[in-house]
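**Q** Can you read through this structure? Questions will come right after.
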Amino acid sequence: MRKAEILLSIIYEISEVLATPGPLEITLVNVVNILSSVLQIAHGAIVVLDAKGEPQITANGGNTYPPQSGFRSVIPQAVIDQIVTTGTPLVIQDVRKSELFQVDLQTTSSSGTIPITFVGVAVKAEHHIVGTLSINRVRDDAASFCCDEDVRFLTMVAILVGQTIRLHRIQSMDGQRLIEEQRRPEKVLNEERTGPARHPHAKVDWIIGESPAVKQVLETVSVVAPTNTTVLLRGESGTGKEVFAQAIHKLSLRSKKPFVKLNCAALPESTLESELFGHEKGAFTGAVSQRAGRFELAHGGTLLLDEIGEISPAFQAKLLRVLQEGELERVGGTRTLKVDVRLICATNKDLETAVVNGEFRADLYYRINVVPIVLPPLRERPGDIPRLAKAFLDRFNRENHRELAFAPSALEVLSQCDFPGNIRELENCVRRTATLARSSTIAPSDFAYQNSQCLSSLLWKGADRSHGGKAIDTLARGNMMPVGSPPPARRIGASEGDVPAAKAGDPNGPAWPAMGPRLADRDRLIDAMEKAGWVQAKAARILGLTPRQVGYALRRYRIEVKKF
């Protein structure tokens, strides 16, 4: 009875050790130490095997020896192999006489003459052998004795140890799985960065453009989109800032969350605050119910603030706090709300000049100008005009159940227009022309400029705007006016004074960036070509045109280019 109580006490202590959180190696060493201190044994050892059946952990008398340490285990590999292979207990009355032991066990009293009895059992977890548990006793006499009690006791301990090893391995697998799950967004992020950067059109194929300027913007968009960095889209009106903002959102990790947009210039300051931050019921006249603002609606997603350069300095201070702290209060409310929003701002205003003039807060400027992306105007991507025009015409056909198409010469005419209103003006031009077209094929004669009805030409010709209706009156009288475009982009650093002799509004002047119909006459083109030595590129600089426009004009007037 006394011995049974001792064994039960040992089982209880071992159970407490195995239930204590900690590294598996230390836990197993503590189990061996309990066996060594309570039982009359010389040594105890627990060997844990890896998936290949090789010793992974050896806990022996208070020491842990990894397999790579070069330590020769007190249990020969042949002994471990036999226990694992058979799955049955192994009892060796005298290890000196066993072929399985090539060397004596290292005991405190090992002298080579003391008989040592070895008892080992398999450690199992869910019917799989995961290691061995063994003890060795120093015998006082040479007589054999029964080790059945040791076998039964070690088998019970081995069951507890096996379950502990299994639980530790499950926790290790779960921890590794958790690490992989945490790394997965980073992996996705890297894939998003590298994939679209090499193949931007595979991700943003709804943006039409093959020009180098557009490809560069798309590459930047693909790189910055997967991050949460604030983006400032800059460019002239009509360059498609909202479309590029949507592309950034679609390529981001927030693509399944809301994309909310607001035109800051379209609302007065009082209404703008309510639109962005929301308001409580009764906050002002007309606030009959509580309303969430755009920041709240975009929580977890992306918020586009278009025309941000038009907001007042007073409201800029209120906006700055939200951008810095991610906190806001609804109008008329006191409760602070936390928002998680990826911000994209857009403007066609010169913010740097506005900061210098005190019209735009410098701290807000630095807060939103983290990654600026400048969108190219349409005049810098003339090769994209035919593609865009066809896309707009296809959209018009779908909406109006028409089957219109451009004649090649019509696309050539469009390609030589500057379109100061950029993509928006091109779309309007296509829609107007398609609406008024008299046949299924749009020809050059269908365009408004052929009938002197292009208002854009009058706008950029520099007509007298002091009389509000003069441009319309001129068109109404049927006076012929050549189509116009804004003066060509000046060289960087150039000023208004750099425009040569002719006035910007003079269609006969070299500064007028026109194509064939805008040339005053055939003689002027020939004169420019002669001055340029019949080099089209030089003649284009003299006339303020592009070489392509000059080439078109030469064909139009059937001028044979002289070769020297």
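**Q** Karplus couplings for segment 532-548 from phi (6.51 cos²θ - 1.76 cosθ + 1.60, θ = phi - 60°), rounded to Hz, Gly and Pro as x?
**A** Those phi angles translate into 8, x, 6, 9, 4, 5, 5, 5, 4, 5, 5, 8, x, 10, 9, x, 5 Hz.
**Q** Which FRET efficiency value, to the nearest 0.05, do you get for LEU8 and LYS52 by plugging their Cβ-Cβ distance into 1/(1 + (r/R0)^6) with R0 = 41 Å?
**A** 0.65
**Q** Taking amide H atoms as placed 1.01 Å from N in the peptide plane, list the residues 5 or more away in sequence, or in a different chain, whose amide H sits under 5 Å from that of PHE406.
**A** Here the answer is ILE442, since their amide H atoms fall under 5 Å of that of PHE406.
**Q** Can you compute 3J(HN,Hα) from phi for each residue in segment 211-220, using the Karplus curve 6.51 cos²θ - 1.76 cosθ + 1.60 with θ = phi - 60°, rounded to whole Hz and x for Gly and Pro?
**A** Whole-Hz 3J(HN,Hα) from phi for segment 211-220: 6, x, 5, 6, 4, 5, 5, 5, 5, 5.
**Q** Still on this structure, I have one more. On a full-extension model of 0.36 nm per residue, what is the gain between LYS349 and ASP523, subtracting their alpha-carbon distance, rounded to one decimal in nm?
**A** Full-extension gain reported as 58.5 nm.
**Q** What trypsin sites (Lys or Arg not before Pro) in segment 399-453 are in a loop by DSSP, with at most 12 other Cβ atoms within 10 Å of the Cβ?
**A** Values: sites: ARG402, ARG424, ARG431, ARG432, ARG438; in loops: ARG402, ARG438.
Sites meeting the loop and neighbour criteria: ARG438.
**Q** Here's a follow-up. Would you kindly compute the Cα radius of gyration of segment 200-376 and its largest Cα-Cα separation (Dmax), both in Å?
**A** In Å, with Rg to one decimal and Dmax whole: 16.6, 54.
**Q** Work out, step by step, the length gained on full extension between ASP340 and SER237: first 0.36 nm times the residue separation, then minus their alpha carbon distance; give nm to one decimal.
**A** 34.2 nm
**Q** While we're on this one: What is the distance in Å between the Cα centroid of segment 14-42 and that of segment 361-437?
**A** Using only Cα atoms to place each centre, the spacing works out to 78 Å.
**Q** Let me ask you something else. For the pair MET173 and HIS401, what calculated FRET efficiency results from E = 1/(1 + (r/R0)^6), where r is the Cβ-Cβ distance and R0 = 51 Å, to the nearest 0.05? List each step's numbers first, then the result.
**A** Working: r = 61 Å, r/R0 = 1.19.
FRET efficiency, HIS401 to MET173: 0.25.
**Q** Under a crude label model (7 Å from the Cα following the beta-carbon direction), how far is SER445 from VAL374 in nanometres?
**A** So the two model labels end up 4.4 nm from each other.
**Q** Could you derive backbone 3J(HN,Hα) for segment 370-375 from the dihedral phi with the Karplus parameters 6.51, -1.76 and 1.60 (θ = phi - 60°), listing whole Hz in sequence and x where the residue is Gly or Pro?
**A** For segment 370-375, the Karplus curve yields 7, 10, x, 10, 9, 8 Hz.
Rule-based calculations on the coordinates, nothing more; no lab input. From a predicted model like this one, the values you see are computed outputs, not experimental measurements. Reconstructed Cβ throughout: ideal geometry from the backbone, glycine too, with neighbour counts over all protein chains shown.
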